[in-house]
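Heads up: the structure comes next, in structure tokens.
The values are calculated or read from the model by the stated rules, or taken from the named source; none is laboratory data. Here the structure is a predicted model, which means the values were calculated and not measured. We place every Cβ from the backbone using ideal geometry, glycine too, and count neighbours over all the protein chains shown.
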Amino acid sequence: MNKWNIQTDRDFWLIMLTYSLAGMTILPVKKIIFHAVGITPHTPFWIVVLVYIPLVPPAYQIGLIFFGTILGQFDFVWGQAKKRFRIKTRPTAA
């Protein structure tokens with residue numbers, strides 16, 4: 001709780017619920033995405049990976065923001081998303 005600067009136990013459990021709901025929701029969403037782009041059990045693995053990487057993680061992040069908003073934890077989830085994005089986009093030192 002100190003690491004994330006969470007004030008109450010209630011906020012902690014709402015954050016845990018947010019991540020749980022987003023995780024459970026991404027499985028059916030992945031099926032919908034794969035069906036929409038034509039991925040079948042016979043699709044070569046490398047194509048599945050090329051579709052998965054750019055589409056599924058952003059869908060998970062959207063789910064986090066959606067459930068975080070519904071559960072009143074938008075500020076926390078949005079702050080975590082910004083931190084993750086900053087790490088991925090931080091320029092490297094020459």
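A compact table of results
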| read-out | value |
| --- | --- |
| Some residue of region 53-67 being in a loop (DSSP other than H, G, I, E, B) and either over 18 Å from THR18 (Cβ atoms) or touching a helix residue (DSSP H, G or I) at 6+ places or on another chain (Cβ under 8 Å) (or both) | no |
| Selection status of ILE6, at pLDDT 90 or above, assigned to a loop (DSSP other than H, G, I, E, B) and touching a helix residue (DSSP H, G or I) at 6+ places or on another chain (Cβ under 7 Å) | no |
| Candidate set from region 38-52 (those that are exposed (fewer than 11 other Cβ atoms within 10 Å of the Cβ) and β-branched (Val, Ile, Thr)); member that is nearest to LEU64 (Cα to Cα) | VAL49 |
| Contacts under 6 angstrom Cβ, first residue in region 8-20 being surrounded by 11 or more Cβ atoms within 10 Å (Cβ to Cβ), partner part of a helix (DSSP H, G or I) and of a type in the set (A, V, I, L, M, F, W, C), 6 or more apart | ILE15/PHE76; THR18/PHE67 |
| VAL56 vs. criteria among the aliphatic types (A, V, I, L, M) and farther than 21 Å from ARG10 by Cα | yes |
